[in-house]
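Below you'll find the structure, written out as structure tokens, and then a few comments.
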Amino acid sequence: MTTTRKTAKCPNCLPDQAGAIFYSETVYDEDFRVTGREWVCQNCGHTMPHRTRRQDWTFVTETATSVEQVRSLRNKVAFTYFNPNGAYAVKQATDDKISAAVDAGRCKSGALFVHGSLNDYHERAMRRLSKVKRPARFDVHYMIDGLLEEAARAEEFLAGLEN
Ligand SMILES: [Zn+2]
């Protein structure tokens, strides 16, 4: 059962006693997808997150199998950075294959810059975004798509090698 009403301290209009009435309201992102719920003070409109609805770190970085299961943009960055199913792990796996191909003499070392570990533009974007409190939707998706596209191009390159 979802609680839809509570009385609590409002940090904005009633900080000293738990007498402000809050209603639970649905929160949407800019594409009108439901992202969660928040408490809204009926007196001043101040909003507070539903703490219990926040996705837990272990789910984001270990349990989730797809970035679609992760709600906030910050958590999407964390999923990409740490989760073994994230785009960064996919890119790292192809980086390793390119390094192995160079070591085995199957391609020139320049492949590291074009397809491998030295092609790290989107990895640097990921690290930068991991330090941003409210990353922009465009930046997060651009970074994730970039990692996946680079990994796909590396796989294509590997598949096209002679031996
Ligand atoms: Zn208030």
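Coordinate-derived values only; no laboratory data. Here the structure is a predicted model, which is why all the values come from computation and not from measurement. Note: ideal-geometry Cβ built from the backbone for every residue, glycine included; neighbour counts use all protein chains shown.
Tell me the Kirkwood hydrodynamic radius of region 5-53 in angstroms, computed as one over the mean inverse distance between distinct C-alpha pairs.
That comes to 11.2 Å for region 5-53.
By per-residue mean of other Cβ atoms within 10 Å, what is the highest-first order of 21-32, 117-128, 57-68?
117-128, 57-68, 21-32
Report the FRET efficiency, 1/(1 + (r/R0)^6), for V114 and E162, where r is their Cβ-Cβ distance and R0 is 25 Å, rounded to 0.05.
Numbers: r = 17 Å, r/R0 = 0.68.
Computed FRET efficiency for V114 and E162 comes out at 0.90.
Arranged from highest to lowest average of other beta-carbon atoms within 10 Å per residue, in what order do the peptides 130-139, 7-16 appear? Don't skip to the answer; put the middle values down first.
Working: 130-139: 11.1, 7-16: 13.9.
By packing density, highest mean first, the sequence is 7-16, 130-139.
Run lengths n ≥ 4 of DSSP H only: what is the helix-derived mean residue ellipticity at 222 nm for the chain, with -39500 (n - 2.57) per run over all residues, to the nearest 500? Walk me through the numbers before you get to the answer.
Values: 5 runs with 63 residues, N = 163.
-12000 deg cm²/dmol, from helical runs alone.
Using the membrane-span-like helix rule (whole DSSP H runs, Cα extent along the own axis of at least 20 Å, mean Kyte-Doolittle hydropathy at least -0.5), which helices of the chain qualify?
On the way: long enough: 87-103 (24 Å, -0.16); 137-159 (33 Å, 0.00).
Helices meeting the span and hydropathy rule in the chain are 87-103, 137-159.
Can you put V114, V70 in order, fewest other beta carbons within 10 Å first? Intermediate results must be reported in sequence, preceding the final value.
On the way: V114 15, V70 21.
The most exposed by this proxy come first: V114, V70.
Report the relative contact order of the chain, percent, no decimals, based on alpha-carbon pairs under 8 angstrom and at least 6 residues apart.
Relative CO of the chain lands at 15 percent.
What number does the chain give for Rg over Rh if you use C-alpha atoms and the Kirkwood radius? Don't skip to the answer; put the middle values down first.
Values: Rg = 22.0 Å, Rh = 18.6 Å.
Value, to two decimals: 1.18.
Select from L161, P84, V132 the residue farthest towards the positive end of the dipole of region 32-163; place +1 on Cβ of Lys and Arg, -1 on Cβ of Asp and Glu, and compute about the Cα centre.
Most positive-ward Cα: V132.
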